[in-house]
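The values are calculated or read from the model by the stated rules, or taken from the named source; none is laboratory data. Just so it is clear, the structure is predicted and the values come from calculations on it, not from any experiment. Ligands, DNA and RNA are stripped out before the accessible areas are found, and what is left, the full protein with its side chains, is counted by its heavy atoms. Shrake-Rupley method; radii C 1.70, N 1.55, O 1.52, S 1.80 Å.
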Amino acid sequence: YMIAFFAGWPIILFLMAERLRNLGKFTFADITSYRLNQGKVRTMAAVSSLTVVCFYLVAQMVGAGQLIKLLFGLDYNIALFVVGALMMVYVTFGGMVATTWVQIIKACMLLAGGTLVMVLAMSQFGFSFETMMGKAVSLHSLGEKLLFPGTLLPDPVTALSLGLGLMFGTAGLPHILMRFFTVTNAKEARKSVLYASGFVAYFFNVILLMGFAAIIIVGQNPEFFEGGKIGGKVIGGGNMIAMHLAKAVGGNLLLGFLSAVAFATILAVVSGLALAGAAAISHDIYARVIRKGKATETEELRVSRFASVGLGLVAIVLGIAFEKMNVAFMVALAFGIAASANFPVLILSMYWKGLTTRGAVAGGYAGLVAAVLLVVFSKSVWVTVLGNAQALFPYDQPALFSMPLAFLITFIVSSLDNSAEAQAERAAFDDQYVRAQTGFGAAEASSH
């Protein structure tokens, strides 16, 4: 899980960051429709972005609901309405500036809080990694298999599919692509991704140490189990282990701080997602497809606010339906869909001259529909949520099957498309390529 999440950042750094900033585009749909048919491609990209946003929102809402339920003893459904209302107010009135600031502040707090918990936990083992690992292995039910690959996932196919989804899904997430519009130039885009990668790599190591420490400290403390029985059901479920570790090593003060950080993190991600979803509705569907570029900024802003409220309500409903799901697993599904629906069209639009509107639309919809259907037919939804006896699709992660399908269909349909529109789109690639490399159009670049 950790390595695959991290591997997505070098892909963004080396393949995409500079080009995204040079193109000066605002959303995923802006980039993919740069030289293609605006209406068709924008509609496909907006539908795809909204689907990814909704799946990712579910994970955040479930985490937030469980956190508030644990801290305040509120009913889970009430907790979801509280988070949803906060998110709607924040995005509607704060916009990109407010969302950026909450993301900056929560990142600093998360790094500091996670590091503090890790240091306090490690101090209980004399800061010896070897001592901690030896004890964790001896106590865990898996024994030495705890350190083997594949114990978290049922088979190698699921592991490979998960890895592909997390690696390439990162590069296809609409709320991450939006960030490139907020830096001043291509150099700053590269630098920001480089710094982000460093912080991500550091924090994943912190999480690794926290996890093994929790096996010993939380796993051997009866106060964190329902009925006070070690080995029973953990209070708050598996999503709350980090909170229990914070309480065990730092008392209620550290639990309160880390809970505030976790809540700020959830609010930041939910706000970013809602902003990306609202932009897909107002900027791509309403302004460019419905109004054909004639919408005023005021109209676009008004539609964006209505969209934020609508997305908040959808997130609450989905959060109630998926209450029992593991948050990390839900996030992985969102990444798998982004890798299948967004990444193939995005990367081909930037690098392949042969891409046409028909190919992009066919490949984008094929990847999206295939990924969503495979998720619905898997055990996680077909059996766990919908209550059927047996899953129709044997694996839990879709990317290994749906992402190659999206690439293949995009390539075949584009290659077979010899219409006048397709030829004009191929010819327009040279100007896009020059702009992606330099930040200038072909004519401007020659004069520079």
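For residue 179, tell me the accessible area in Å² from a 1.4 Å probe, rounded to the nearest 10.
The accessible area comes out at roughly 60 Å².
Restricting everything to alpha-carbon atoms, can you work out Rg to Rh for segment 332-396 with a Kirkwood hydrodynamic radius?
Rg/Rh for segment 332-396 comes to 1.13.
For segment 295-358 and segment 5-83, what is the centre-to-centre distance using only Cα atoms, to the nearest Å?
5
Kindly express, to the nearest 10 degrees and within the range 0 to 90, the angle between helix 156-170's C-alpha long axis and the longest C-alpha principal axis of the chain.
For helix 156-170, the angle is close to 60 degrees.
Please turn the phi angles of segment 376-382 into ³J(HN,Hα) values with the Karplus equation 6.51 cos²θ - 1.76 cosθ + 1.60 (θ = phi - 60°), one per residue in order, whole Hz, x for glycine and proline.
Per residue, the Karplus-derived 3J(HN,Hα) values read 5, 7, 6, 4, 4, 10, 4 Hz.
If I histogram all Cα-Cα distances within segment 21-102 using bins 10 Å wide from 0, what percent of pairs lands in each bin?
The distribution over segment 21-102 is 16, 30, 32, 16, 6, 0, given as percents.
Got a number for carbon plus sulfur as a percent of the chain's accessible area, 1.4 Å probe?
Answer for the chain is 68 percent, counting heavy atoms of protein chains only.
Please give the direction-averaged projected area of the C-alpha convex hull for segment 284-419, in square nanometres with one decimal.
Spelled out: convex hull of the Cα atoms, projected over all directions, averaged, 10.6 nm².
Could you work out the equivalent-ellipsoid semi-axes for segment 149-287, taking the square root of 5 times each eigenvalue of the Cα gyration tensor, largest first, in whole Å?
35, 20, 17
Would you look at the GNM of the chain, springs on alpha carbons closer than 10 Å, and say which of 319, 126, 39 moves the most?
Highest fluctuation of the listed residues: 126.
For the chain, what is the mean residue ellipticity at 222 nm derived from helices alone (per DSSP H run of n ≥ 4: -39500 (n - 2.57); sum divided by total residues; nearest 500 deg cm²/dmol)? Numbers along the way, then the final one.
Numbers: 18 runs with 318 residues, N = 448.
Calculated from helices alone, the mean residue ellipticity at 222 nm is -24000 deg cm²/dmol.
For segment 236-280, what number results from the quotient of the Cα radius of gyration and 2.2 N^0.38 Å? Mind dumping the intermediate values first?
Values: Rg = 13.9 Å, N = 45, 2.2 N^0.38 = 9.3 Å.
Here the answer is 1.49, to two decimals.
State the extension gain, in nm to one decimal, for the chain segment bounded by residue 230 and residue 253, taking 0.36 nm per residue of separation less the distance between their alpha-carbons.
Working it through step by step, the gained length comes to 5.9 nm.
Helix 399-416: angle to the longest alpha-carbon principal axis of the chain, degrees 0 to 90, nearest 10?
For helix 399-416, the angle is close to 0 degrees.
With every protein chain left in place and a probe of 1.4 Å, what is the accessible surface of residue 43, to the nearest 10 Å²?
In the full protein context, residue 43 sits at about 50 Å².
With θ taken as phi - 60° and the coefficients 6.51, -1.76 and 1.60, list the Karplus ³J(HN,Hα) couplings across segment 88-93 in order, rounded to whole Hz; mark glycine and proline as x.
4, 5, 4, 6, 4, 9
Per-residue HN-Hα couplings for segment 105-118, Karplus 6.51 cos²θ - 1.76 cosθ + 1.60 at θ = phi - 60°, whole Hz, x for Gly and Pro?
5, 5, 4, 5, 5, 5, 4, 5, x, x, 4, 4, 4, 4
Normalising by the residue count of segment 55-178, find the relative contact order in percent from Cα pairs under 8 Å and 6+ residues apart.
With pairs under 8 Å counted, the relative contact order is 8 percent.
Helix 241-279 against the longest principal axis of the chain: what's the angle in degrees, Cα atoms only, rounded to the nearest 10?
20
Which of rounded, prolate, oblate describes segment 300-363, given a ≥ b ≥ c as roots of the alpha-carbon gyration tensor eigenvalues and a/c under 1.5 marking rounded, otherwise prolate only if a/b is larger than b/c?
The shape class here is oblate.
Counting every Cα pair in segment 253-307, what percent are over 15 Å apart?
Value for segment 253-307: 56 percent of Cα pairs lie more than 15 Å apart.
Give me, ordered by chain and number, the residues 5 or more places off residue 225 or on other chains with an amide H under 5 Å from its own placed amide H.
235
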